[in-house]
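The values are calculated or read from the model by the stated rules, or taken from the named source; none is laboratory data. Everything numeric here is computed off the predicted structure, so don't read it as measured data. Cβ sites come from the backbone with ideal geometry, for glycine too, and all protein chains shown count toward neighbours.
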Protein chains: 2
Amino acid sequence: MTAGPEERNGLTALARGLSAPKGFVDASMAAPASGTIRLLGGIPAPAALPVEATSQASAQLWQDPDAAVASLQYSPARGSDALCDWIARREGVDPSRIVVTNGGMHGLALAVLTVVERDATVAVDDPVFPGFLWALEVSTTRILPVPVLADGFDVEHLARQLATGARIAAAYTVPDFHNPAQVSLSAPKRQALIELAERYGFYVIVDNPYRELRFHGRDQGVAAFNESDRAIHVNTFTKTLGPGWRVGWLVLPDHLVDPVIRLRNRLDVHTSSVTQAIIERLLTDDSEWFDAIVRGATALYRERSGVLIDALREQLPDALDVVPPEGGLFLWPRLTDDAVDPAALFRRAAARGVLYQQGEFFMADPGERSSARHLRLSYSDRPPEELREAVRRLAMAF
Amino acid sequence: MTAGPEERNGLTALARGLSAPKGFVDASMAAPASGTIRLLGGIPAPAALPVEATSQASAQLWQDPDAAVASLQYSPARGSDALCDWIARREGVDPSRIVVTNGGMHGLALAVLTVVERDATVAVDDPVFPGFLWALEVSTTRILPVPVLADGFDVEHLARQLATGARIAAAYTVPDFHNPAQVSLSAPKRQALIELAERYGFYVIVDNPYRELRFHGRDQGVAAFNESDRAIHVNTFTKTLGPGWRVGWLVLPDHLVDPVIRLRNRLDVHTSSVTQAIIERLLTDDSEWFDAIVRGATALYRERSGVLIDALREQLPDALDVVPPEGGLFLWPRLTDDAVDPAALFRRAAARGVLYQQGEFFMADPGERSSARHLRLSYSDRPPEELREAVRRLAMAF
């Protein structure tokens with residue numbers, strides 16, 4: 001057998017195994033025609049980002065000679081003490097269990113590299129955030145899809161699979177305001193999932209970037225995760241302070257702290273001291289500040305989700321099943337008419353000047369196509385008038 | 001056989017294979033007694049770091065609403081266009097071959113994960129920067145030590161090993177102002193190393209963080225690396241603008257650009273848009289600025305290396321072989337008297353209040369102990385009076 005060009009070029013199996021962008025990512029990256037309305041990404045609204053406060057915190061940092069020099073030097077691999085302390089208080093855990101990351105994806109990749117052996121199987125949400133499958137490729141492509149129900153990840157389904165012999169290294173879920181399915185995992189199912197992990201000895205990789213953005217309804221809590229030796233709780237400032245920082249964190253069981261720090265230290269030493277120093281000032285100079293930022297962002301996204309839902313109900317009253325989300329950045333309406341071809345609908349919508357993520361991009365199980373009958377509509381970074389115009393264009397596409 | 005605690009805890013082979021800090025790292029991390037002078041790390045002098053310029057560039061960024069919002073949002077995985085363009089001009093390559101990283105260690109880790117298969121062998125400098133062996137553990141611990149001579153990495157030695165059957169995935173060297181051996185690789189040997197890599201189909205991982213810091217002597221050039229399909233050229237702003245940024249870059253052969261971007265995108269999406277935006281302003285607002293910063297830092301380090309050498313020659317004229325460095329941050333003097341026990345000397349020096357890195361930490365080949373008769377003295381972040389006092393204490397230890 002002749003070696004392929006990638007093998008001749010000496011790429012590792014790891015590098016060869018990473019798929020090229022397609023579907024979800026392609027859609028996000030494509031440059032659309034001018035005037036197109038993009039309901040594509042879970043991107044914070046510019047108006048919700050703390051530009052003014054960052055400007056002030058940053059000015060204070062650079063005018064404080066000792067702090068400025070410290071922020072240009074090396075800092076601890078686990079993250080700055082003050083930032084870890086702040087996060088730990090918010091998570092209700094000991095600061096020694098926090099590791100600062102370069103954002104949520106970095107937390108997921110570190111979790112995968114630390115506890116998912118090469119070619120092991122990982123149970124994942126179905127529908128699933130495609131970015132996680134992408135991160136998972138650093139260790140494996142073997143997944144066990146688990147349906148996401150109205151109350152989140154189907155723990156009973158996974159329990160049946162495990163009882164009949166399936167073995168997994170980890171289970172992945174987004175518990176609060178699921179991407180894309182917008183639902184939250186109920187408190188009893190959080191506990192049940194952790195008990196299953198403890199019984200079978202796998203890890204729960206809990207991906208929680210939208211947690212702070214609650215419009216209404218009751219918080220189902222994260223204590224079940226933060227109190228377990230079997231949960232890796234991944235979070236980030238991406239959806240609150242902005243993706244550009246690349247700052248997030250892990251809440252780890254004690255026994256995973258050193259292994260994760262060793263790995264992270266090798267991959268890139270530590271998260272930028274500069275970004276940590278600015279964020280630390282933002283969070284600690286005024287202890288009410290972060291909650292105020294979250295309240296402002298939440299109000300904005302609640303309003304936008306309402307505008308989108310109202311427009312859909314007015315313009316497309318029978319075509320889509322719409323459930324108002326309790327929080328987060330996504331709407332996941334379902335096509336009611338089986339005669340509508342989702343791919344053809346998307347092409348017509350794109351031609352009319354509105355783009356969204358097609359449900360099929362979120363399918364974890366190729367044999368279970370119900371997700372393909374959904375649309376993922378992001379409302380976070382579009383002003384109300386654009387959301388209404390987007391729905392008018394979508395209605396024309398039907 | 002009973003599973004060990006790490007296997008019971010479900011750690012991956014990768015995570016289990018990462019060694020705990022020891023030697024070099026331990027020494028850097030240890031909290032010394034008050035008053036101890038640390039000649040330990042290749043850390044920029046606070047006076048050489050661009051605090052004032054960063055303060056101004058940062059203020060401009062946060063007061064420009066569009067730029068501020070953009071810096072808080074996602075940005076391209078390969079790095080910002082303006083930053084890639086600036087780096088590419090400096091390296092003399094097409095901007096499409098630049099990938100922005102989170103600093104030099106990140107560049108090394110990405111190179112290793114992309115071209116060093118698990119358990120493959122990598123030729124390395126001997127003495128070697130221990131941080132590279134640490135990064136290398138993400139793929140392998142198998143190394144082929146290659147002596148570092150007065151004109152750098154012994155290419156002929158490697159050629160003989162290859163001719164007699166040795167096979168390597170990559171060769172690692174620091175070509176300019178070697179860490180720890182302070183020498184530079186001669187221009188003919190740069191070319192010879194690349195030719196060897198092309199002949200045998202391995203990659204040269206070129207680690208070049210000190211390149212800008214030349215005191216005197218002739219630049220041996222990097223065109224041989226930047227023009228080859230077999231070199232991965234790793235660099236960083238760590239030693240010029242500061243380690244705290246965590247911003248560096250790779251110059252890659254065309255065929256490695258997409259694989260590296262795919263991997264880097266999975267590991268943490270992209271380098272902080274915030275740090276890139278500030279650095280981009282620093283570099284491009286005034287095209288002379290970076291060279292001026294480098295000139296200032298170089299003058300400072302040249303002066304400090306001179307102070308250290310003068311003090312050693314005055315206080316310890318016969319005990320140490322000292323070669324003045326052409327640049328960089330390290331002095332690598334050799335003990336002349338075989339009767340001196342380096343470990344005992346280090347203990348006496350520490351007791352007198354001066355710390356340095358012991359030569360043995362840099363040994364790549366356990367059978368070749370000549371490095372153990374060297375001391376690595378960092379002069380970059382100590383003012384002249386501390387350097388003189390450090391040498392007085394060292395002299396007492398002899």
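Which of the residues belonging to segment B:359-398 are aromatic (Phe, Trp, Tyr) and under 22 Å from residue B:214 (Cβ atoms)? Within segment B:359-398, just B:379 meets the criteria.
Scanning segment A:41-51 for residues that are within 7 Å of chain B (Cβ to nearest Cβ), in contact (Cβ under 8 Å) with a residue 24 or more places away in the chain and not in a loop (DSSP other than H, G, I, E, B) turns up just one, A:46. Condition first: under 23 Å from the mean Cα position of the chain (by Cα), modelled with pLDDT of 95 or more and not acidic (Asp, Glu). Can you find one or more residues in segment B:73-81 that meet it? Yes.
Residues checked against (1) facing another protein chain (nearest Cβ under 8 Å); (2) under 23 Å from residue A:281 (Cβ atoms):
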{"residue": "A:34", "(1), (2)": "no, no"}
{"residue": "A:39", "(1), (2)": "no, no"}
{"residue": "A:59", "(1), (2)": "yes, yes"}
{"residue": "A:64", "(1), (2)": "no, yes"}
{"residue": "A:71", "(1), (2)": "yes, yes"}
{"residue": "A:76", "(1), (2)": "no, yes"}
{"residue": "A:81", "(1), (2)": "no, yes"}
{"residue": "A:90", "(1), (2)": "no, yes"}
{"residue": "A:134", "(1), (2)": "yes, no"}
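The set of residues from segment A:71-93 being touching a Pro at 6+ places or on another chain (Cβ under 9 Å), aliphatic (A, V, I, L, M) and not in a loop (DSSP other than H, G, I, E, B) comprises A:87, A:88. Per the conditions (1) more than 10 Å from every other protein chain (Cβ to nearest Cβ); (2) of a type in the set (Ser, Thr, Tyr); (3) in a loop (DSSP other than H, G, I, E, B), the sole criterion not satisfied by residue B:96 is (3). You will find that of A:291, A:286, the residue that is assigned to a loop (DSSP other than H, G, I, E, B), acidic (Asp, Glu) and either in contact with a strand residue (DSSP E or B) (Cβ under 7 Å, 6 or more places away or on another chain) or under 29 Å from residue A:88 (Cβ atoms) (or both) is A:286 and no other. For segment A:281-301, does any single residue satisfy the condition of being without any contact (Cβ under 8 Å) to a residue 24 or more places away in the chain, buried (at least 17 other Cβ atoms within 10 Å of the Cβ) and not polar (S, T, N, Q)? Checked segment A:281-301: no residue is without any contact (Cβ under 8 Å) to a residue 24 or more places away in the chain, buried (at least 17 other Cβ atoms within 10 Å of the Cβ) and not polar (S, T, N, Q).
Mind checking whether some residue in segment A:274-286 is among the charged types (D, E, K, R), touching a helix residue (DSSP H, G or I) at 6+ places or on another chain (Cβ under 6 Å) and facing another protein chain (nearest Cβ under 7 Å)? Looking through segment A:274-286, none of the residues is among the charged types (D, E, K, R), touching a helix residue (DSSP H, G or I) at 6+ places or on another chain (Cβ under 6 Å) and facing another protein chain (nearest Cβ under 7 Å). Among the residues making up segment A:99-121, those that are of a type in the set (Val, Ile, Thr) and not in a helix (DSSP H, G or I) are A:99, A:100, A:101, A:116, A:121. Among the residues of segment A:159-187, the one identified as surrounded by fewer than 24 Cβ atoms within 10 Å (Cβ to Cβ) and under 12 Å from residue A:225 (Cα atoms) is A:187.
Only one of the numbered conditions (1) in a loop (DSSP other than H, G, I, E, B); (2) closer than 18 Å to residue A:372 by Cα; (3) without any contact (Cβ under 8 Å) to a residue 40 or more places away in the chain is violated by residue A:165, and that is (2). Report whether or not residue B:354 is surrounded by 24 or more Cβ atoms within 10 Å (Cβ to Cβ), over 18 Å from the mean Cα position of the chain (by Cα) and β-branched (Val, Ile, Thr). Answer is yes for this residue.
Within segment B:194-226, the residues that satisfy the criterion of being part of a helix (DSSP H, G or I) and either over 19 Å from the mean Cα position of the chain (by Cα) or not assigned by TED's automatic domain parsing to the domain that holds residue B:90 (or both) are B:194, B:195, B:196, B:197, B:198, B:199, B:200, B:223, B:224. Among the residues examined, residue B:230 does not qualify as under 22 Å from residue A:245 (Cβ atoms) and either in the same structural domain as residue B:209 (by TED's automatic domain parsing) or surrounded by fewer than 22 Cβ atoms within 10 Å (Cβ to Cβ) (or both). Which members of segment B:78-104 meet the condition of being under 14 Å from residue B:277 (Cα atoms) and surrounded by fewer than 20 Cβ atoms within 10 Å (Cβ to Cβ)? Answer for segment B:78-104, where residues must be under 14 Å from residue B:277 (Cα atoms) and surrounded by fewer than 20 Cβ atoms within 10 Å (Cβ to Cβ): B:81, B:82, B:85.
Rundown of residues vs (1) in contact (Cβ under 8 Å) with a residue 60 or more places away in the chain; (2) assigned by TED's automatic domain parsing to the domain that holds residue A:208, yes/no style:
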position	(1), (2)
A:36	yes, no
A:39	yes, no
A:53	yes, no
A:63	no, no
A:68	no, no
A:94	no, yes
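Taking segment B:122-142 as the range and being part of a strand (DSSP E or B) and surrounded by fewer than 20 Cβ atoms within 10 Å (Cβ to Cβ) as the test, only B:142 passes.
For segment A:238-266, a residue qualifies if it is assigned to a loop (DSSP other than H, G, I, E, B), at the interface with another protein chain (Cβ under 10 Å from one of its Cβ atoms) and under 30 Å from residue A:51 (Cα atoms), and the qualifying residues are A:238, A:241, A:242, A:246, A:247.
Considering B:242, B:217, B:201, the condition of being surrounded by fewer than 24 Cβ atoms within 10 Å (Cβ to Cβ), in contact (Cβ under 8 Å) with a residue 60 or more places away in the chain and on the phi > 0 side of the Ramachandran plot is satisfied by B:217 alone.
If I filter segment B:116-132 down to residues being in contact with a Leu (Cβ under 9 Å, 6 or more places away or on another chain) and farther than 21 Å from residue A:269 by Cα, which single residue comes out as nearest to the other protein chains (Cβ to nearest Cβ)? Out of the qualifying residues, it is B:117.
Quick check: is even one residue across segment B:375-395 among the aromatic types (Phe, Trp, Tyr), part of a helix (DSSP H, G or I) and not assigned by TED's automatic domain parsing to the domain that holds residue B:153? For segment B:375-395, residues among the aromatic types (Phe, Trp, Tyr), part of a helix (DSSP H, G or I) and not assigned by TED's automatic domain parsing to the domain that holds residue B:153: absent. I'd like the residue in segment B:1-32 that is part of a helix (DSSP H, G or I), aliphatic (A, V, I, L, M) and modelled with pLDDT of 70 or more and, out of all such residues, is surrounded by the most Cβ atoms within 10 Å (Cβ to Cβ). Going through the qualifying residues, I end up with B:15.
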